[in-house]
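Report on the following structure.
A short reminder: the numbers here are calculations on the coordinates, not readings from a lab. Quick caveat, the model's predicted, so the values are computed rather than measured. Because the Cβ atoms are built from the backbone with ideal geometry, glycine has one as well, and the counts that use them run over all protein chains shown.
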Amino acid sequence: MAGRWRDLGLAALGLLVLLLVPVVGAPPAIRDFIMFGMAYGLLAMSLNLLIGYTGLVSFGHAMFFAAGAYAFGLAMQSGKFSIPGAFVLAMAFTATMALIVGAICVRLNEIYFAFLTLAFQMLFYNIILGWVSFTGGDQGLMGGIPRPKFLGIDLADRTQLYIFCSVAFVVCIAILRQVVTSPFGYTLRMIRDNQERAAFLGINVTMVKLACFVISACIAGVGGILLTLFVSGAYPNFGFWTTSGEAIFMILLGGSNVFLGPLVGTVILRLLNDITVSYTSHTELVLGIVILVLVLGLRKGPLDLLADRWENRRQAKAQAVRDAADKDAQAGRDA
Amino acid sequence: MDLDALLRCVGTTSCVVTQLTSGMIIGMLLFLIASGVTLIFGVLNVINFAHGSLYMIGAYAAWTFYQLTGSYFVSALGAAVAVGMLGVLFERVLMSKVYGSNVLMQLLVCYAVVLISDDLIKIIWGPVPLSMGMPPEFRLPPIRFMGGVIPPFYLFMILAAMAIGLLLWLVIVRTRFGSVVRAAAINGPMVSALGIRVNLYYAAVFGIGSALAGAAGALAAPVRSLTPGMGFSILIESFIVTVIGGMGSIVGAFVASIIIGLTRSFGSIGFPLFVDGVMFLIMALVLIFKPSGLFGRPHR
Amino acid sequence: MTSTESRRASRRQVLKGAGALAAAGVIGAPAISKAQTGTIKIGVPTILSGRVAILGQTSVGGLKVVFDKFNAAGGINGRKIEMVVRDSKGAPQEAAKVTRDLINNDKCEIILDAEASSAAFAVQEVIREIGVLCLHSNSETSSLTADPKLHVPTAFRTARQGIHDAIGGGDYAAKIAKAKGLKKWATCSPDYAYGRSNTAEFMEYAKHFDGNIQVVEESWPKLFQPDYTEVVTKLLNAKADAMYSALWGGDLVAFIDQANLYGLFDKQASFMVNLGDYGVVDQVKQFPQGVYSGGRYNRTVPATKENEEWYQNYVKTQKHKPTNWSWENAVAAEFVVEALKKTNGDTNGKKMAEAIKGMTLKSQFGTKGTVTMRAEDNTLVDYIIGYGVSLSKEPYVSDFQASAWEPIFELEKQWKKKQGYIS
């Protein structure tokens, strides 16, 4: 219980830090960087609930990112919804889609699960591209996303938008944290480590996986909404397989075994991208070499590496304490 | 949707012959690429996401050799050998370092290679799309057969791809090399314990798989435009083929390539806007009802 | 100072910016350096990687030729122009982010949007919010400027516009169709917004000018599709008299190579609007006889001394041939330079927009030696539109016929009414 209060406290602290950014007068570019990072961060963090905690490697997670973005964007452009209304609608749509896709996919294991999610993602992508009259096809949702005021909040104002995104982001991260530290979260890890054992203990593995799939899809959907608000449009490549790939790289760059690892990965990848883009027109070459160095040099996400070191040291210390105790006991017997 | 047009086409032999061969053309090039993917996966248990880049390098290499020698056959052979060697290098220097680790780590290494090779191609050959042009020996009028039309080069392409596929299959099934490879696919450490240097076999398999991609690139070079990033679109299709046929099965890759080729050629008449969608639908259905693919054995 | 040097300078600055960004991210302090170098910075979001890297390369080339000349002449009030070029990889959300960064972080005062298709719409939304001057130099999609819902007062287009090309091309095609009795038409265009609207509009106006024309087959290969075999055989089965295609770049080269194998071009007249560009027409190895191409950029169109000199200078300084994108960007750069002279170096978005609105510029790319930025919808008019017969060798085009603009204006107005853009 204490852990839960500590987590919520940390979340509140994180939100405070985020909200301080505009207060201390940080330039708009930093706010933009953070907002962009929050959208992709949610995508990566939610995907890690599947990959890192449940052992479900999804290659199709971006479809929910796009689902949230398009559902929200279309609802707003229809002019019939307020922002909270469209938000709820987008969540409902994403959840329903995840329920259907998940029900079919989670039965499969490992690489087959990965390929099936990829196939569904590409189906969804092709529907977005093909249904021009509704989705705008490859041009995406053009003409901007209207942002009528609600509860006195005006998202057309960049600072208020930033605050809105920060709150949504921190709430989502807090939810994810609650999920992974709850008994449900431990069930997920048990399934990851040994599915048969979990089944023997009477756990309905399929249902648990499905629930996890839906939760993670909804959080990805929120990420999509944030990106839609940021760029004032939604585009098919939100749901292309390369976007899913990017999310996976973010997880790997940060580390999949530490809760905030994917977020660190997001920041690393975005920084890498922004810096290489400003320095050179050979962005691909630089990014490729950096990835190779990271993978072959570190073999793990930086945060995973730190966590391992810390764990080793802790164990070494514990061992030392045990050794000392043994020695004492030995000495006692000898005496 | 234009199912009437599809029915009308199926009703005339000329249309059926033309579309059948066009399906085979698309399918056989895919087969060369997918058989490399599936071979590498079957033996090394590694998904080579950089396979499309090897195909691209094969096409560019063939283009350069053709400029130098003026002989298409020499350049096609040269491209296959060069890409095969590059594949061995790629395996030894990079991929072998991530065997046994997370699938995602392997994916990351491949992604880095894709990025680097796209940019290197742009630096060496420039961003302008290149065209090799049809070698003079194939500048012949199309063959007419039962009212259908078949270009001679495509006939050569289909036969070449089939011959390479058959050769590959014979090597795997009939030779000592093949039996070691098959044994290594099932239990690498055991083969190693018998005193066989498995690593050499791994490198060889990777090299052969890469050479197949290089050969596909060389066969495609006279008819497809060469641009950085050309391996990208072919990659996804070759994965669809690999999954439908069954990961690790060369026969499966062959059958699935034909299925995809025919879906494309007849689909473009019947449901032109949803051809890609249908390919992914087939892939999804196969995965749902027979996850190991049409000819695959269940995944370890 | 040339723009290459200035680009390096800007990188240094960006390093500072990035460092500051990281620092501020960590300690939460505002640390962006206020380094005003005195140059006028122009941000250029474009595509420098992947399959259409040639778009970015030749766009930047077109800009550089103009800005280098401007800088060599001393700039304005001692201020020179500095380009900051960024790769968006063609992704709309990246284009939006990059554009915002160029304005907010790199302190660019003007945006020269050399993005294609959907990314241009994303940039448009950023401009709507921030209000700096923006010139879209590559997007040909008509609605970007024609649709009043998308209108942004400080955003202009210096590229061709699809509807203009369609009317001019339709007129030309109808004349040939009447003379040669081409009644049954097939189309083969890439399956995305540009390909679809361009093709629909072209056929609409071809039919408008020749009532006997009918479309018997449509094929829509995917953008960047490597293999066109199924499309070619489908066209073969259609047995049409003529074909229209809006394929472009490497896709078009591959399509021609593959269609040649089936002898497709011997069986029908072919109109390919994007064939005439360098990088395409000079890449096709087995050139079909008697195919028609729309005007893109060609050193002999117009066949003037200025144009030849411009071509020679471009090739000499940029080390590659100019494309359609090059002239579109060169015109954009000229507008910026002229507007700066008018505002006496003031880069304020509103003032610059006022200067550019309705401006007529002396230009070799215009039908009458001038091009005009039409005030009513912020788009370029009077540029050279036309069709000619493509050749396999220099000059790659013969019998080029430029379209007259008056009928284009007339039909464009009707088209706008039909779309509900004007009443």
*Proximal charge balance of A:Met122 [Cβ under 14 Å; K/R count +1, D/E count -1]*: -1
*With each label point set 7 Å from Cα along the Cα-Cβ vector, what nm distance links C:Glu338 and A:Arg4?*
7.0
_Summed side-chain charge close to C:Asn274 - residues other than C:Asn274 whose Cβ falls under 12 Å, Lys, Arg +1, Asp, Glu -1_ = -2
*Can you give the Rg and Dmax of chain C based on its C-alpha atoms, in angstrom?*
21.9, 75
*Relative contact order (percent) for chain C, with alpha-carbon contacts under 8 angstrom and 6 or more residues of separation?*
16
*asked:* Quick test of the membrane-span-like rule: which DSSP H helices of chain C reach at least 20 Å along their long axis (C-alpha atoms) with mean Kyte hydropathy at least -0.5?
replied: C:3-27, C:53-72, C:117-130, C:162-180, C:324-343
*Of C:Cys134, B:Cys110, how do they rank once you tally other Cβ atoms within 10 Å and put the fewest first?*
B:Cys110, C:Cys134
*Diffusion coefficient, µm² s⁻¹, Stokes-Einstein with Kirkwood Rh over alpha-carbon pairs of segment B:88-188 at 37 °C and 0.692 mPa s*: 178
*Can you tell me the FRET efficiency between A:Arg309 and A:Ser82 if r is taken as the Cβ-Cβ distance and R0 is 56 Å, rounded to the nearest 0.05?*
0.70
*Dipole magnitude of chain C, debye to nearest 20 (Cβ charges: Lys/Arg +1, Asp/Glu -1, about Cα centre)*: 920
_Euclidean distance of C-alpha centroids, segment B:203-277 and segment C:307-386, integer Å_ = 45
_Treating only the Cβ of Lys, Arg, Asp and Glu as charged (+1, +1, -1, -1), what charge dipole size does segment B:3-289 show about its Cα centre? Round to the nearest 20 debye._
480
*Can you check what the net charge comes to around C:Gln289, using other residues whose Cβ is under 15 Å from the Cβ of C:Gln289 (Lys, Arg +1; Asp, Glu -1)?*
+3
*Might you list the cysteines of the protein assembly as shown that have no disulfide-compatible partner by the rule of another cysteine's Cβ under 4.7 Å?*
A:Cys105, A:Cys165, A:Cys172, A:Cys212, A:Cys218, B:Cys110, C:Cys108, C:Cys134, C:Cys188
*Work out the FRET efficiency for C:Lys350 and A:Leu298 from their Cβ-Cβ distance, taking R0 = 51 Å, and round it to the nearest 0.05.*
0.50
*For the pair A:Asn204 and C:Glu410, how long in nm is the line joining their label points, each one 7 Å along Cα→Cβ?*
7.3
*Within a Gaussian network of chain B (alpha carbon springs, distance under 10 Å), most fluctuating of B:Ser22, B:Ser179, B:Ser35*: B:Ser179
*Among all helices in chain B defined by DSSP H, which have a length of 24 Å or more along the axis from Cα atoms plus a Kyte-Doolittle mean of at least 0.5?*
B:13-44, B:72-93, B:103-125, B:152-174, B:198-220, B:250-270
*For segment B:4-114, evaluate the Debye formula with one uniform point scatterer on each Cα (no solvent term) and list log10 I(q)/I(0) at q = 0.20 Å⁻¹, rounded to two decimals.*
-1.03
*Using only the alpha carbons of segment A:134-216, determine the length spanned along each of the three principal axes and report them from longest to shortest in whole angstroms.*
54, 32, 19
*Check the straight Cα-Cα distances from C:Lys178 and name the lysines below 23 Å, setting aside those fewer than 8 residues away within the same chain.*
C:Lys207, C:Lys239, C:Lys267
*Modelled label-to-label distance, A:Thr280 and B:Ile288, 7 Å Cα→beta-carbon offset: nm?*
4.6
_22 Å Cα-Cα threshold exceeded, pairs from C:Lys175/C:Lys417; C:Lys97/C:Lys321; C:Lys69/C:Lys342; C:Lys97/C:Lys416_ = C:Lys175/C:Lys417; C:Lys97/C:Lys321; C:Lys97/C:Lys416
*FRET efficiency, 1/(1 + (r/R0)^6) with R0 22 Å, evaluated for A:Gln195 and B:Tyr99 via beta carbons*: 0.35
_Cα-only radius of gyration and Dmax that characterise segment B:3-289, units Å_ = 19.3, 63
*Packing-based exposure ordering (other Cβ within 10 Å, fewest first) of A:His282, A:His61, C:His151*: C:His151, A:His282, A:His61
*asked:* For segment A:2-242, report the % of Cα-Cα distances exceeding 24 Å.
replied: 47
*Would you mind checking segment B:10-51 for residues with the amide N under 19 Å from a putative spin-label position 7 Å along Cα→C-beta of B:Leu89?*
B:49-51
_Only four residue types carry charge here, +1 at the Cβ of Lys and Arg and -1 at the Cβ of Asp and Glu. Report the dipole size of chain A about the Cα centre in Debye, rounded to the nearest 20._
540
*Which three lengths, in whole Å and largest first, does the protein assembly as shown cover when its Cα atoms are put on their principal axes?*
114, 73, 53
*Ratio Rg/Rh [Cα only; Rh per Kirkwood] for segment C:174-240*: 1.00
*In degrees from 0 to 90, rounded to the nearest 10, what is the angle of the helix A:283-298 Cα long axis to the longest principal axis of chain A?*
20
_Using a 10 Å cut-off around each Cβ, can you sort B:Trp169, C:Trp325, A:Trp131, C:Trp415 from fewest to most neighbouring Cβ atoms?_
A:Trp131, B:Trp169, C:Trp415, C:Trp325
*Identify all aspartates and glutamates with a Cα-Cα distance to C:Lys107 below 15 Å; exclude those on the same chain that are fewer than 8 residues away in sequence.*
A:Asp32, C:Glu82, C:Asp346
